[in-house]
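The values are calculated or read from the model by the stated rules, or taken from the named source; none is laboratory data. A quick note: this is a predicted structure, and the numbers were derived from the prediction, not measured. Using ideal geometry, Cβ is built from the backbone for each residue, glycine included, and neighbour counts are taken over all protein chains shown.
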Amino acid sequence: MSRLDINKTYKLYIGGKFPRTESGRYYTINNSSGNLIANMCLASRKDFRNAVVIARKAQNSWANATALNKGQILYRIAEILEGRKEQFILELIAQGEARKVAQKEVETAIDRLVYYAGWSDKYQQLFSAVNPVSSSHFNFSNLEPVGVVSIIAPEEQSLLGLVSVIAPAIVGGNTVVVLASESKPLTSISFAEVLNSSDVPGGVVNILTGNKTELISHMASHMDVNAIVYCGKDENTLKEISELASNNVKRTIFYKKSDWENELCESPYFIEKTQEVKTTWHPTEI
Amino acid sequence: MAKNNNNNIFKASWTYDEAPESTDHIQIKKQYELYIDGEFTKPVKNNYFDTINPSNGKKIATIAEASSEDVDKAVKAARKAFKGWAALTGKERGKYIFRIARLIQERAREFAVIESLDGGKPIRESRDIDIPLAANHFFYYAGWADKLEYAFPNRNPKPLGVVGQIIPWNFPLLMAAWKLAPALATGNTVVLKPAETTSLTALKLAEIIHESGIPKGVVNIVTGAGETGASIVNNPDVNKIAFTGSTGVGKYIQKATAGTNKKLTLELGGKGANIIFEDAAIDQAVEGIVNAIFFNQGHVCCAGSRLFVQESVADLVIEKLKRRMETLIVGDPLDKNTDIGAINSKKQLQTIENYIKIGINEGGEIYQPECKFPTQGNWCAPTLFLNVSQSHRIVQEEIFGPVLAVQTFRTIDEVIEKANNTPYGLSAGVWTEKGSKIFHLTQKLNAGVVWGNTFNKFDATSPFGGYKESGFGREGGLHGLKPYVKFE
Amino acid sequence: MFPNLNNLPVYDNTGVNERVKRFCTRSIKKSSKTEGLKLALSMIDLTTLEGKDTKGKVQQLCYKAMHPHDSLKNIPTVAAICVYPSYVGVAKKALQGSNIQVASVATAFPSGQSALDVKLSDTKFAVDQGADEIDMVISRGEFLSGNYQFVFDEIAAVKEVCGKAHLKVILETGELDTLENVRKASEIAMYAGADFIKTSTGKIQPAATMPVTYVMLDAIKDFYLKTGKMIGMKPAGGISTSKIALQYLVMLNEVLGEKWMNNNYFRFGASSLANDVLMQLVKAETGVYQSINYFSKD
């Protein structure tokens, strides 16, 4: 007699916990044969609103964690993901990838986490400056995180794309609310489990699954979100986001690429995009 | 009401029982061989020397002595491994170095205990400072391995080749980390010689390096004394020498490499000025003095060994300092309550005691709190010399022990001039609550590291190194990559 | 005599935190640990300050104070019971025959936001009921507004009403913002007649912390050097485990030393600390980790 599996329930990831959507709604993900893989939560604007409140609460202490600490946490995420490599490969296959492609995607995602872990205590040295002003002042410019960032993750490459937008934002001290790929959301919630096991404080990363069209306007207009990252090419959506973002002069970051594999898809400039520059003056005369 | 200036009024009455760190979980072999080309191999001439526990004079283990033939083998192995190592992607190189960092973290306590046994520093310092900093140093540079194109604007950095590295006995594992991490991250292969009185943690590091899977020959560790070091310096197939140690030996190495194509960085001695202004947070400044000169028994190249205290607060500072010194516990390095451990070797103790004699003969006013030393081992009480001047030998020469020379000063310009009045230029400290004064002083002091309202702080991201005869080149931070690359 | 507030020491927070951390790395073992634990127990002001306190609650607490753990021999009792003025009489009666002091909060505790005559009659009531010690609060609002003379005068007035009772002055350091303010408030309190300076009411966060206590011990040290008078110190709130209490004692030992290491000059304002100390003492005796089920909760 064969043994019956326990099917996994996919919920949202908010504040270091896994709640269901407050709306109680769902949408289905089927495999290529049309059979049900999972019922995903159809997140509501209230879920998004709650996630922003939690992300805001967590942002100050995350930003104040030392660069070393953040780097070690990101490295830990890579360690845990490496340990679950097979699980993620199988999930990507279930979502329609070929094994070879899936394996490459997971391995690149792991390496990318290590990549950004390594930037945590270095990007300041790259982008900051001591400025030789003409008065008797010590003047320096350094980077600070923008704060809370809403992210619409890439639709394709549901793991690698997700990691590629989350890692640079959080290593810089931001907290994020992410809307996962709508058609391939499974890996995003499994990735949330990895985050949860990696000493990432609750609220630093929050992941929602749901309908892009329904949620994008809220993600772009929320007055307590400091920046929005959108992955996609649709010109109308880009325009809509830009217009709504102007409500609170939100910073907009658009990634139109569809392939996150190659080396150009990781760089310290991805970190820099969700940073502000602060310049400080202090007299030096006695 | 009657005033009472008796220091003993605040005498601590509660004495702490022994709190020894457990040693039964650590593993030390009876005999250690050289680590060359990925394996532990016997020295060609079959010579060995003992490594001694400086707190009781007992032998801990036997260490192989590398002759010039062994050094030759090591350099050949490093050369052979260089091509493959440099050809790896930065990402893959970085992963090996991340592994080393993690392995150190996993074995942190064992490293800390062995460091204290072999070198004499308090377990509290090796546990809380040396070992974490060492692991973090590997962690930091591992992250640079695949990012070098961002470190040098408009330049294409390439590794140098085979690097020879010679490190001192005051921070054995940490100095090994400071040397190995940037060299490996940039694609070089290494022949490293630890100091002869503190070889053990470098050899335990060799075991970790072995377990990390790093290709053989990339890291070679050859133990020995001055002659082994000279063999490395003089080996014709070494592309670069990195040395941390005394200024005397540094000058010898600079001379020996003259006319060769060998690149060189030196991190040498110092006689750091620690300056306390009247508007300092006095209580914290006093603690800063203690950290500056009594941390690690004063065996610190960047020690704040010249105290300059503004005359208007001199009496107050000295009184508070003496009281603070009374609470310092000199004792068994493995006792968790020990503040000041054993002097690293009999030789070093003699050097320090000699300087103390010189100081007394020169007319310095000596102060040492009463200390109860264990019966065996090398011990020195924390020592002050008051009322000395720039002309005193104990103010000019590096003692490398827990001996502080104290001078007063009156004006800002005066103290800047005196602080800079030395052939050394490694470190300085400034204590004042006035921001502009800090920036003014940091701009004017000729030292590679200037500490404002703190002292002896180190971080993997923070470049460290000297001006003038304290050496050249920087370790740590972005600047620490430069000594290990060349630009086509 | 109003103190000179102009040349008070300044403190570097990073430096103070580092010094405090160093105290916390001391390893207290064996007989020095047992010694420390007993000392800590003898320094506790067992406290109940709740709106829902009743006569019965206070009586039970008093019994616990006199009988911390009868099966453990040779342990001291706590130093005092600390209650609201309305229960001083109850406590006094319940503690008859013991050496345990009765301390009462007063002066519109915990906020101190009331008229002077209300605060003085609050104090007088507690003293008349038999309180051995009065724990008053300073007017933080006046302090932060720079009205230091007001704060000084208020303390002096309360001290007068105290008569023979000892006066502890609560600075409420959690509201004072900077270490310089803590030093300033300490100075005012000591010169105005405080017998003890105390960190907190325990009603707000943060309550006692080691950095703030360090500054207050420093103030006491300088006051002694200037005047020859010893002032006591009481950290209150948040000291719930033996480990923390021992860290405070290490700091006291290395800053003020022998003369202050007794309950005439140092107290812990705590409630659950007592049982944790008792559990540690039993563990030291038996070698076995304890459960709260074997210790009375009153």
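Results, tabulated for the structure shown:
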quantity	calculated
Residue within segment A:114-136 that is assigned to a strand (DSSP E or B) and among the polar types (S, T, N, Q) present	no
Subset of segment B:232-252 that is within 15 Å of residue B:195 (Cα to Cα) and not hydroxyl-bearing (Ser, Thr, Tyr) - its residue that is surrounded by the most Cβ atoms within 10 Å (Cβ to Cβ)	B:243
All positions within segment C:14-36 that are of a type in the set (S, T, N, Q), within 9 Å of chain B (Cβ to nearest Cβ) and under 26 Å from residue C:183 (Cα atoms)	C:14, C:25
Those residues of segment C:115-129 which are part of a loop (DSSP other than H, G, I, E, B) and in contact with a Ser or Thr (Cβ under 8 Å, 6 or more places away or on another chain), in sequence order	C:129
Set B:164, B:229, B:270: member being among the small types (Gly, Ala, Ser), crowded, with 24+ Cβ neighbours inside 10 Å, assigned to a loop (DSSP other than H, G, I, E, B) and in contact (Cβ under 8 Å) with a residue 12 or more places away in the chain	B:270
In segment A:140-176, the residues that are under 30 Å from residue A:284 (Cβ atoms) and of a type in the set (S, T, N, Q)	A:141, A:142
Residues located in segment C:222-269, provided they are more than 15 Å from the chain's Cα centre (by Cα) and within 20 Å of residue C:191 (Cα to Cα)	C:222, C:223, C:224, C:225, C:226, C:227, C:228, C:229, C:230, C:256
Members of segment B:247-267 that are in a loop (DSSP other than H, G, I, E, B) and of a type in the set (Val, Ile, Thr)	B:257, B:260
Top-ranked residue in segment B:23-39 [being surrounded by fewer than 17 Cβ atoms within 10 Å (Cβ to Cβ) and more than 25 Å from the chain's Cα centre (by Cα); ranked as farthest from residue B:210 (Cα to Cα)]	B:24
Cβ-Cβ under 8 Å pairs, at least 6 apart or on other chains, segment B:463-488 side within 22 Å of residue B:255 (Cα to Cα) and within 14 Å of chain A (Cβ to nearest Cβ), far side part of a strand (DSSP E or B) and at pLDDT 95 or above	B:474/B:464
Output for segment C:92-108, where each listed residue is among the β-branched types (Val, Ile, Thr) and crowded, with 22+ Cβ neighbours inside 10 Å	C:102, C:105, C:107
Filtered residues of segment A:199-214 (kept if in a loop (DSSP other than H, G, I, E, B), more than 17 Å from residue A:159 (Cα to Cα) and either of a type outside the set (Asp, Glu) or touching a Leu at 6+ places or on another chain (Cβ under 9 Å) (or both))	A:200, A:201, A:202, A:203, A:204, A:211
Residues of segment A:174-198 classified as over 16 Å from residue A:77 (Cβ atoms) and not in a helix (DSSP H, G or I), total	8
Some residue of segment C:234-255 being within 10 Å of chain B (Cβ to nearest Cβ), touching an Asp or Glu at 6+ places or on another chain (Cβ under 8 Å) and under 28 Å from residue C:38 (Cα atoms)	yes
One residue from B:181, B:134 being under 12 Å from the mean Cα position of the chain (by Cα), within 14 Å of chain A (Cβ to nearest Cβ) and crowded, with 21+ Cβ neighbours inside 10 Å	B:134
Members of segment B:268-285 that are under 17 Å from residue B:313 (Cβ atoms) and not β-branched (Val, Ile, Thr)	B:273, B:274, B:277, B:278, B:279, B:280, B:281, B:283, B:284, B:285
Residues (closer than 28 Å to residue C:205 by Cα and within 14 Å of chain B (Cβ to nearest Cβ)) located in segment C:224-233	C:231, C:233
Residue match in segment A:143-151 (condition: among the polar types (S, T, N, Q) and part of a strand (DSSP E or B))	yes
Residues of segment B:193-207 classified as more than 18 Å from residue B:460 (Cβ to Cβ), of a type in the set (A, V, I, L, M) and outside any loop (DSSP other than H, G, I, E, B), total	4
Selection status of residue C:141, touching a Pro at 6+ places or on another chain (Cβ under 6 Å), without any contact (Cβ under 8 Å) to a residue 60 or more places away in the chain and in a helix (DSSP H, G or I)	no
Matching residues, segment C:270-286, being without any contact (Cβ under 8 Å) to a residue 40 or more places away in the chain and part of a loop (DSSP other than H, G, I, E, B)	C:272
Qualifying position, being over 19 Å from residue B:104 (Cα atoms) and in the same structural domain as residue B:101 (by TED's automatic domain parsing), among B:181, B:151, B:185, B:177	B:151
Matching strands (runs of 3 or more DSSP E) fully within segment B:1-100 where at least 1 residues are farther than 30 Å from residue C:28 by Cα and within 14 Å of chain C (Cβ to nearest Cβ)	none
Condition met for residue A:259 (within 14 Å of chain B (Cβ to nearest Cβ) and assigned to a loop (DSSP other than H, G, I, E, B))	no
Criterion (touching a strand residue (DSSP E or B) at 6+ places or on another chain (Cβ under 7 Å), crowded, with 19+ Cβ neighbours inside 10 Å and either assigned by TED's automatic domain parsing to the domain that holds residue B:407 or within 22 Å of residue B:171 (Cβ to Cβ) (or both)) met by exactly one of B:364, B:331, B:377, B:341	B:364
Subset of segment B:381-411 (residues that are surrounded by 15 or more Cβ atoms within 10 Å (Cβ to Cβ) and without any contact (Cβ under 8 Å) to a residue 60 or more places away in the chain)	B:381, B:383, B:385, B:388, B:392, B:393, B:394
Every residue from segment B:249-276 that is among the β-branched types (Val, Ile, Thr) and within 18 Å of the chain's Cα centre (by Cα)	B:249, B:265
So residue A:75, is it closer than 14 Å to residue A:166 by Cβ and within 11 Å of chain B (Cβ to nearest Cβ)	no
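For (1) small (Gly, Ala, Ser); (2) in a loop (DSSP other than H, G, I, E, B); (3) in contact with a Leu (Cβ under 6 Å, 6 or more places away or on another chain); (4) within 26 Å of residue B:470 (Cβ to Cβ), each residue gets a yes or a no:
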| residue | (1), (2), (3), (4) |
| --- | --- |
| B:333 | no, yes, no, no |
| B:352 | no, no, no, yes |
| B:355 | no, no, no, yes |
| B:371 | no, yes, no, no |
| B:380 | no, yes, no, yes |
| B:391 | yes, yes, no, yes |
| B:395 | no, no, no, yes |
| B:401 | yes, yes, no, yes |
